[in-house]
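A short write-up of the structure that comes next.
The values are calculated or read from the model by the stated rules, or taken from the named source; none is laboratory data. All of these numbers come straight from a predicted model, not from anything done at the bench. Neighbour counts are summed over all protein chains in view; Cβ atoms, including those assigned to glycine, are modelled from backbone coordinates with ideal geometry. SASA here: full protein model, heavy atoms, side chains in, ligands and nucleic acids out. Shrake-Rupley method; radii C 1.70, N 1.55, O 1.52, S 1.80 Å.
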Amino acid sequence: MRIVATHFTDPGCPWAYSARPWHAALRWRFGDQLDWRLVMIGLAESAERYEARGYTPERQVASNRIFAERFGMPFAYEPKARLSGTSPGCRAVVAARLRDPALAEAALRALQDLQFTTTARLEDRAALRGALATIGAGDLADRIDDPDVLAAYEQDRALARTAAGKPTDVQGRAASTDGAVRYTAPSVIFEHPTGARIEVGGFQPLEAYDTALANLAPQLERRPPSADLEAVLGAFPEGLVTAEIAWIAKTDLGALDLDGTRSALQAAADAGPVRRTALGDDARWSLAQ
């Protein structure tokens, strides 16, 4: 049995980026029993939308510091030359999904890295190409204006704006910044093969996802938390950042240990089996081989 997990997200949303550790923990616990499907929200078609609301690159840096302190994901703190709309990044993820659904998650991760750990902009085609080249798909940057990509993107935007009256809306976790009531990132709808569904709307803790799945599909097999770095990184060949690894190791009643996890990872990197790749103010870790 597989549970479909429809994930509403956007590469320009810091809340979605900061929830990556919990989604990594879900992937560790449930593996391919969850069938993840990305839906792009399309938060802003251009930078002008943000600028009209008073956002600036300096304000974005201040926000990055707050998110980093609260949730532990890597960030950069040098202001960008200008803010970006998120539409080009969303369309790049859609282009990846049309080529291969498995490629979409990698594209989302690469563009979140671009957005939050570099001074590059999502509206810069060359920057998109460079970020996507890290996953072997740089040519997708030249597909974001193709008719099939635009059509699929508009379908995503429309689906994301169907939250009115749904559980996410009832909980006050939806938004209507551009008209229709929409799902906020990183909302997830879990759907059982029988058609039963549970929404985890907006930004919620790992326990909310876990409780939803325990009620929807108690027969799912669960892999327990693990601090075995080689086993964890072996399950994620693309690598993980420190916070993702710390959440995979965290037991239900235990405390999150970011510093201890980082120290263990650095020791493993010094010894050889783990590779450290600098990312913003932290790193992505992977198996050296």
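Within the stretch 176-186, identify whether any single residue is outside any loop (DSSP other than H, G, I, E, B) and open to solvent by 10 Å² or more (accessible area, probe 1.4 Å), and answer yes or no.
Initial filter on the stretch 176-186 (outside any loop (DSSP other than H, G, I, E, B)): 182-183.
Those left that are additionally open to solvent by 10 Å² or more (accessible area, probe 1.4 Å): 182.
Within the stretch 176-186, one or more residues are outside any loop (DSSP other than H, G, I, E, B) and open to solvent by 10 Å² or more (accessible area, probe 1.4 Å).
Give me the pairs: first residue in the stretch 132-160 and within 17 Å of ALA106 (Cα to Cα), second residue modelled with pLDDT of 95 or more and among the aromatic types (Phe, Trp, Tyr), beta-carbon distance under 9 Å, and six or more apart or on different chains, which are they?
Close Cβ pairs satisfying both conditions: ILE144/TYR153.
In the stretch 51-97, what residues are under 29 Å from GLN155 (Cβ atoms), open to solvent by less than 20 Å² (accessible area, probe 1.4 Å) and in a helix (DSSP H, G or I)?
Those that are under 29 Å from GLN155 (Cβ atoms), open to solvent by less than 20 Å² (accessible area, probe 1.4 Å) and in a helix (DSSP H, G or I): SER87, PRO88, GLY89, CYS90, ALA92, VAL93, VAL94, ALA95, ALA96.
Answer yes or no as to whether ALA131 is open to solvent by 10 Å² or more (accessible area, probe 1.4 Å), farther than 16 Å from LEU43 by Cβ and out of contact with any strand residue (DSSP E or B) (no Cβ under 9 Å at 6 or more places or on another chain). Please lay out each step first, then the result.
On the way: open to solvent by 10 Å² or more (accessible area, probe 1.4 Å): yes; farther than 16 Å from LEU43 by Cβ: yes; out of contact with any strand residue (DSSP E or B) (no Cβ under 9 Å at 6 or more places or on another chain): yes.
For ALA131, the condition - open to solvent by 10 Å² or more (accessible area, probe 1.4 Å), farther than 16 Å from LEU43 by Cβ and out of contact with any strand residue (DSSP E or B) (no Cβ under 9 Å at 6 or more places or on another chain) - is met.
All but one of (1) in contact with a Phe, Trp or Tyr (Cβ under 6 Å, 6 or more places away or on another chain); (2) free of Cβ contacts under 8 Å to residues at least 24 places away in the same chain hold for GLN112; state the number of the condition that does not hold.
So the condition that GLN112 fails would be (2).
Of everything in the stretch 237-289, what is open to solvent by less than 60 Å² (accessible area, probe 1.4 Å), assigned to a loop (DSSP other than H, G, I, E, B) and at negative phi? Give them in sequence order.
The answer is LYS250, GLY254, PRO273, ALA288.
Considering the stretch 161-175 alone, what residues qualify as being open to solvent by less than 60 Å² (accessible area, probe 1.4 Å), among the aliphatic types (A, V, I, L, M) and without any contact (Cβ under 8 Å) to a residue 24 or more places away in the chain?
Hit for the stretch 161-175 is ALA175, nothing else.
Each row is one residue, and each column tells you yes or no for (1) under 18 Å from the mean Cα position of the chain (by Cα); (2) of a type in the set (Asp, Glu); (3) open to solvent by 50 Å² or more (accessible area, probe 1.4 Å); (4) within 28 Å of GLY31 (Cβ to Cβ).
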| position | (1), (2), (3), (4) |
| --- | --- |
| ALA110 | yes, no, no, yes |
| THR117 | yes, no, no, yes |
| ALA127 | no, no, no, no |
| ILE135 | yes, no, no, yes |
| ASP148 | no, yes, yes, no |
| LEU159 | no, no, yes, yes |
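May I ask you to list the residues in the stretch 201-233 that are of a type in the set (S, T, N, Q) and in a loop (DSSP other than H, G, I, E, B)? Can you show your working first?
Going residue by residue through the stretch 201-233, those that are of a type in the set (S, T, N, Q) are 204, 211, 215, 219, 226.
GLN204, GLN219, SER226, listed by residue number.
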